[in-house]
Every structure is written in structure tokens, then in C-alpha cells.
Amino acid sequence: MKSPGFKALGEHQKLNHFPGTFQIGRKDRLWRNLSKMQVRFGKQEFSFFPQTFVLPQDIKLLRKAWEEGGAKQKWIIKPPASARGIGIQVIHKWSQMPRKRPLLVQKYLDKPYLISGNKFDLRLYVYVTSYNPLRVYMFSDGLVRFASCKYSSSMKTLSNKFMHLTNYSVNKKNSEYQTNSDYKACQGHKWALKALWQYLGSKGVNTTLIWEKIKDIVIKTIIASEPYVNSLMKLHVRTPYSCHELFGFDILLDENLKPWILEVNISPSLHSNTGLDVSIKGQMIKDLLNLAGFRIPSREDVVTPCSSASSSTSSLCAGNGERPKVDLSADEKVKRAFYLKQGEANRDLMHTVLDVLTPEEIRVLAESEDELNRRGEFERVFPSPSSSRYLRFFECPRYLNILLDEWEQKYWNNRAKCISLLRPLCQQGVHLGTSDPAHMVRNCRTMKGKHKTRRESGSFKMLKSVCLCSGVSTAPAPGLNTTDRTWLALPEPGTGFIPVIHLSYGS
């Protein structure tokens, strides 16, 4: 569905896509976006995809790389928006390059890890429940898809798709293809991921390390799509509840067991042709539908769209039919502006973001804990106890990502404690809005001046007060000493006023 079509979704409806995920779902966009990340953060962080060119734009660059590569190089060509192995070829001569259609051309990974002489790849299931805050889950199992002919690096074999392609839709046509219905068995041309880990473990391979590297690839790839998705969500989607998405990540292991990303599928096949498929996909779909947290709307909600309470009676927010407010209060805007202004460098100050929780923050944290409690065999990989390092990869820092990261650092090993903190607040309806001073930013000790926050004229000054003014101009009032204040202008939704937040500093 095109992005403007999301505007037709009612607040009680949920679609299995986010707008803009084609930025990683199309092969050409995936490589463009990962290449941008590589330029920005370096090859040490983004070295998990092969050298890639998009034709016709990169034809001169490809020609130069081809000439520098020597006579024995191999390249794989792919249509940018195809699936099921359609149109894919492995070539070694410039004359074999198609000229009249858009193409993705990649350096062929010609030294894959082999099992019993066969090449294979991994189909992994990645589920994103929210892009702001970003919450990413990976299913603990998946599929291992083997090529149905034993691998050879000889140039003479490059036209053999049963040898060089691992797609099930290609290899099932081979008369030598062997099915496998036992999810525990290491036999046939399709295995369960857990069976592969057991096989590799028996060979002395550290499979935990491989899994950690794959998680790193997944998180960085999803982050590469984040600015596009959030921009389109803001334009076209009424409520974040309306979108969720399952991705199929295809990963190849080379001879050194280094994982490489091949592509991302935004509509991965859920067909189940064997008992193995049913075992893995069935469990995955069951857990995904529980994670999705569908809300059952009342008849009135369907006629006049609005949100309703979660259908889960055990959830932190259950039992309240009122819809949480969407617009942030001026108090909440003050806090967000303050912490976003600090940046990642001031980590000590960031730890204080949990000191005073506003109603919207309580709602987000409760939603996150409810979701995590329903994860089944999914693993949440972002946020996680070790995901702080990924915050720097976001094009635009998001306050809710900072909030969830700090929450995870504090409570990852004691979920019972954080739930016992949130439950009474939700039972009191604080997440729906409150005038309780305990949840007002003005009572935050950090923002009253307990932490040094900036250097002025060679000496440290402490934040003394936070004030909020409303007006159509960001200019300070007459007589105001602007040298001791930082000004932040934030538009007030639905009004003509611009609240001007000035952070007052004193010695």
C-alpha cells in the first residue's frame, strides 16, 4: 500500500506494514541506505554487505571496479524489486551484463560455509512493533535453506541455479531436492535454525557469537530505515498502534562463519508445505499475534473510530476504556526538549531521565513491559541491556528511545521491580493524564539545578529554573537577561502560540 493510503486506517485498525519500509525491502534502496551508513560511521561498523552497484546510475563506478578486479572475479546481478530468485544470475564476463533494465550488481560471495558440500542461507524472522520508540524482536528459530547441488567455485558452473541460489522456490524444481519434515533433524535441503546451531555446536563452533553478530546486522539495518518510516508515520498515520511489520532477513555465512546480509523481505512467505514449516512458522505466527496486542473495539468504536482498552486483562493498562491523550502537555515538552538538548555525551545526566515520569512516559513504559511479557519465543533485541551503543546510529535522536534505553539499563535484571512500580500508577490512571505534582517536570531535581549542565564564560553554572511562556514570538521579554538563558521554541499543536522554554542558569 502506498503511504497516503495509511490515512484511511481507523484508530482501531492494525495493518501489517509501516509506510516506507521499502527503503530496506527493495534491494536497491537497502544497499543505498546501508552504504550511506557505512560512509557516515565507517566500514568497521558496516562491513556486513558486499560491494554493490545500482545500474544504470553506477555503471562507470562498476566498470572501474570490474577492471581493477582481475579475470577471475564473479558478480551476481539481481532485479531491484523481484523475489523468489527471479532474474538472478551469477556472471564473470562484462559481456554478460544486461544493458536495458535497472539492476543491482554485487560482488559474489564465492566462499560460503558449506555443509556436506552444499551452500545454504538463513531465513530469520524479525518483528517490529513500533518505530517510535523503536522496538525490535527476533524469533529464536528460523529456516536453513540449502542449494540442492553440491557447490563448486568453477566458472563453468555459474549458470547452475540449483548450486548457487538457495531460494526454496528455485530448488524445489530440482529432481534431486530432498524435503525434511522433522524440525530436529539435520537432513534434506531445509533445516530448522535450532538444528543448525546444534550441528555447528557439535563441531565446536561458538553459535552464540554468530547470533550476536546477526542481531547487530538486524538492528543496524532497521535503524537505516528509521528516518523514512517515522517521517511517513507522522504524515499519514493517526496512531502508532495501527502499524506493525514482520520482516524476513536472509543471511549468508561465509567460510569464516561471518554473517552477510543478502536481502530483507517485507512480505516473507508464510506458506507451510511440510511439518518443518508448520512447526516453525506456526509457533512464530502465534507468538507474533500475541505480541501485536490487538485491541478488540466496541461497536461504537468501529462506527466512530477511536482507541479502546487492550483485550489483555493481565496488562498494566487494562481496565481503562479511556484513550490515552495523544498531544503532549507543555510540561512533557519541557522535559523532552531538555534531555534531547544534552546529547549522548552527557551520560550522567541522561540517567536522571527516570527521576520524574510524566503520564505519557508511564503509558509508553507500561506498553513496553506488557509487550515484552507477551513475547513467547521472540527475543527483544532493541532496546536491550546492550543496545545503548546503537543510539548514535539514529539520524535524529528520539526521546522515547533514550527513555526506554535508560529504563532497560536500570531494570533489565529485575522486571518484577519495574512492573511493581508501574502497576499502581496505571491502576490510578496516571498514564491517562494527571495533575499530581509528583509527575510534573517542575519537580525534577535535575532540572532545578542539581547537576552542572553547561559551561559559560569559563565557569560552570547550574540550571536554576525552568520557565514556560506562551507567545507568537521567540524574542525574550524586555529587560530579560538572555546571556543566562537558553531558548527553545516548540510549536503548540492546534494553537497559534509558540511556547518558549527558557532554561535559567545561576551560579
Kindly indicate whether LYS448 is out of contact with any Pro (no Cβ under 9 Å at 6 or more places or on another chain), of a type outside the set (A, V, I, L, M, F, W, C) and either in the same structural domain as ILE223 (by the TED database) or at pLDDT below 65 (or both).
yes
Here is a list: LYS281, LYS215. Which entry is free of Cβ contacts under 8 Å to residues at least 60 places away in the same chain, open to solvent by less than 30 Å² (accessible area, probe 1.4 Å) and either within 24 Å of LEU372 (Cα to Cα) or touching an Asp or Glu at 6+ places or on another chain (Cβ under 9 Å) (or both)?
LYS281
Which of the residues belonging to region 80-137 are touching a His at 6+ places or on another chain (Cβ under 6 Å) and either farther than 19 Å from GLY69 by Cα or of a type in the set (Asp, Glu) (or both)?
THR129
Can you find a residue in region 171-193 that is in a helix (DSSP H, G or I), open to solvent by 60 Å² or more (accessible area, probe 1.4 Å) and either touching a residue at least 40 places away in the same chain (Cβ under 8 Å) or on the phi > 0 side of the Ramachandran plot (or both)?
no
Starting from residues that are buried (at least 20 other Cβ atoms within 10 Å of the Cβ) and either in a loop (DSSP other than H, G, I, E, B) or at positive phi (or both), keep the ones in region 111-141 and report whichever is farthest from the chain's Cα centre (by Cα).
LYS119
Restricting to region 218-264, count the residues that are in contact with an Asp or Glu (Cβ under 7 Å, 6 or more places away or on another chain) and in a strand (DSSP E or B).
6
If PHE18 satisfies all but one of (1) open to solvent by less than 20 Å² (accessible area, probe 1.4 Å); (2) touching an Asp or Glu at 6+ places or on another chain (Cβ under 9 Å); (3) closer than 22 Å to LEU103 by Cβ, what's the number of the condition it fails?
(3)
What helices (runs of 4 or more DSSP H) completely inside region 296-402 contain at least 2 residues that are at pLDDT 75 or above and open to solvent by less than 60 Å² (accessible area, probe 1.4 Å)?
330-342, 347-350, 359-373
For region 90-105, what are the residues that are in contact (Cβ under 8 Å) with a residue 60 or more places away in the chain and part of a strand (DSSP E or B)?
VAL90, ILE91, LEU104
Give the residue, chosen from SER3, SER82, SER47, SER35, that is under 23 Å from VAL126 (Cβ atoms), open to solvent by less than 50 Å² (accessible area, probe 1.4 Å), within 20 Å of the chain's Cα centre (by Cα) and at pLDDT below 90.
SER3
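The values are calculated or read from the model by the stated rules, or taken from the named source; none is laboratory data. It should be emphasised that the depicted structure is a prediction, and the values quoted were computed from it without experimental measurement. Using ideal geometry, Cβ is built from the backbone for each residue, glycine included, and neighbour counts are taken over all protein chains shown. Note: accessible area is taken over every heavy atom of the protein model, side chains too, but ligands, DNA and RNA are not part of it. Shrake-Rupley method; radii C 1.70, N 1.55, O 1.52, S 1.80 Å.
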